[in-house]
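The values are calculated or read from the model by the stated rules, or taken from the named source; none is laboratory data. Only a predicted model underlies this, so the values are computations on that prediction, with no experimental measurement involved. For neighbour counting, all protein chains shown are included, and Cβ atoms are generated from backbone atoms with ideal geometry for every residue, glycine included. Please note that ligands, DNA and RNA were not included when accessible areas were found on the heavy atoms of the full protein model with its side chains. Shrake-Rupley method; radii C 1.70, N 1.55, O 1.52, S 1.80 Å.
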Amino acid sequence: MNYYEVKIYTTSEGIEPLSALLIMLGQETFVTEDKSVLDEFLEKKNVFDWDYVDEDVLGIGDRESNITLYMDVMEDSMHAIDQIRSSVTDLKKSDSGGKYGRLEVESRLVSDEDWKDLWKQYFKPSRITEHIVVKPSWEEYEPREDDRIIEIDPGMAFGTGTHPTTKMCIRHLERCIERPEDTVLDLGCGSGILSMAAALCGSENIRGVDIDPDAVAASVENVKKNHLEDKISVLQGDVTEGLGFQADIIVANLIADLIVRLTEDIARHLTGKKIFISSGILSEKKEMVTEALEKSGFCILDILEEEGWCAIAAKLS
């Protein structure tokens, strides 16, 4: 499907008057990108806001504030765009102090296929461990005799399993799951990659939990795609609120500060082998997490490190 993308460049101060202008012109659906909000995000006022931002994403601080709207391709679409250009030009003339920025309008014809599937070209079959391979549903792959395949369609917002933090979690799971009776709780399950890896490692009773309903839906779909419904159940929830499930092994690929905050709650959800696998931890925060774990009664079993990240396997004493 083709549509018009119309982008208007402005400043943080210009967002409000431009929004009012668009609404007056009958354009009530649009996206605002306020540079002041982006700058505040990058300042990281709370330690748990984020732990790592990809270098490409850091460039958002150089962007201008803007408003973007999308219009179906119709007979009067170009007339509507011309109206927007004319009105923005009038606003620019009245902005003698230039506080609303350059107020320039760009428009282009695009196809939703241009962006919807663009990311897929970067997601290829990936060997995570000696035996486990993650394969996107749209890619062909010729498995080795001893390969165990996880096929996923993660969507644009959820993990593909190829990040070092996920790989290290799966390696820990391979070592820690020794029998079908070993139960697993996957906190922040996302696309369900760790839950499915636990099943391929031998566990027959796995619970995936995520606070995000979209993540839960993605996990459920991927579990079905891999025919693992008899071993994995997925629910929406928060480990700190009302989750009664206990497991031999808990795996959480989150961020360091969140892991530290959850450590005491996680201890209450362990039983049997009482192993906690935590990842999403920058190597520079390794000591902070290990100290919190030890303070909560855990002893460190093993720490894996790769590309500036670490994953910790610990046992509750």
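Computed over the chain with a Gaussian network model linking Cα atoms closer than 10 Å, the most mobile of 73, 184, 134 is 73. Summing charges over neighbours of residue 104, with a neighbour being any other residue whose Cβ is under 12 Å away from its Cβ, gives +2 when K and R count +1 and D and E count -1. Helix 15-24 against the longest principal axis of the chain: what's the angle in degrees, Cα atoms only, rounded to the nearest 10? The two axes meet at around 70 degrees. The modelled label-to-label distance between residue 78 and residue 23, using points 7 Å beyond Cα along the C-beta direction, is 3.1 nm. From the list [x] 1.22; [y] 1.01; [z] 1.30, can you say which value of Cα Rg over 2.2 N^0.38 Å was derived from the structure given? Comparing each candidate, only [x] matches the computed number. Ordering 309, 24, 298 by Cα displacement along the dipole of the chain toward the positive end leaves 298 in first place; charges were set at the Cβ atoms of Lys, Arg (+1) and Asp, Glu (-1).
In the full protein context, the chain carries 52 Å² of accessible surface per residue, based on a 1.4 Å probe and ignoring ligands, DNA and RNA.
With a ≥ b ≥ c the root eigenvalues of the C-alpha gyration tensor of region 136-227, is it rounded (a/c under 1.5), prolate (a/b larger than b/c) or oblate?
Working: a/c = 1.56, a/b = 1.08, b/c = 1.45.
Oblate, since a/c reaches 1.5 and b/c is not below a/b.
Computed over protein heavy atoms with a 1.4 Å probe, the carbon and sulfur contribution to the accessible area of the chain reaches 48%. Among residues other than residue 179 with Cβ under 12 Å from its Cβ, the summed charge is -4 (Lys and Arg +1, Asp and Glu -1).
Taking each DSSP H run with n ≥ 4 as -39500 (n - 2.57) and averaging over every residue of the chain yields -9500 deg cm²/dmol at 222 nm.
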